[in-house]
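So the structure is just underneath, and the comments pick up after that.
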Amino acid sequence: MEERILQIMREVLDDNSIDTSSNQQNCENWDSLHQLSLISELEDEFDVDIEPEEIAEMTSFEKVKDILSTKL
């Protein structure tokens with residue numbers, strides 16, 4: 001699952017340097033528009049629904065992984 005999340009993040013954020021330490025503060029492309037695209041791709045890939053309050057919490061790779069883990 002981790003590698004797939006990273007792959008989606010790299011594609012959506014157009015940044016091949018994305019890794020497990022990436023977050024909104026250290027990733028220049030991770031803005032609100034990209035956040036919505038990222039959520040959409042993650043929902044499609046993992047067949048889950050992500051709630052608005054969860055979207056607001058998804059500010060780093062670790063948070064994305066943690067929230068998705070609770071849904072799978």
note = Plugging the Cβ-Cβ distance of Gln25 and Asp47 into 1/(1 + (r/R0)^6) at R0 = 30 Å yields, to the nearest 0.05, a FRET efficiency of 0.50
request  = Counting only heavy atoms of the protein chains, get the accessible area per residue of the chain (1.4 Å probe) and round it to a whole Å² value.
outcome  = 60
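Sum -39500 (n - 2.57) across every DSSP H segment of at least 4 residues in the chain, then divide by the residue count to get the 222 nm mean residue ellipticity, nearest 500.
-18500 deg cm²/dmol
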query = Stokes-Einstein D for the chain at 25 °C, 0.890 mPa s, Kirkwood Rh over Cα pairs, in µm²/s?
reply = 206
task = Please find, in a Gaussian network model of the chain (springs between Cα atoms separated by less than 10 Å), the residue of Glu54, Glu28, Glu62 whose mean-square fluctuation is greatest.
result = Glu28
request  = Run the accessible area of the chain with a 1.4 Å probe and give the carbon-and-sulfur part as a rounded percent.
outcome  = 41
ask   = Pairing the Cα long axis of helix 2-13 with the longest principal axis of the chain, what angle in degrees results, from 0 to 90 and rounded to the nearest 10?
value = 60
query = Calculated FRET efficiency, Leu36 and Thr59, Cβ-Cβ r, R0 22 Å, to nearest 0.05?
reply = 0.95
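The values are calculated or read from the model by the stated rules, or taken from the named source; none is laboratory data. Everything quoted here is computed from the prediction, not taken from an experiment. Note: ideal-geometry Cβ built from the backbone for every residue, glycine included; neighbour counts use all protein chains shown. Remember, those area values only see protein heavy atoms, side chains included, never the ligands or the DNA or RNA. Shrake-Rupley method; radii C 1.70, N 1.55, O 1.52, S 1.80 Å.
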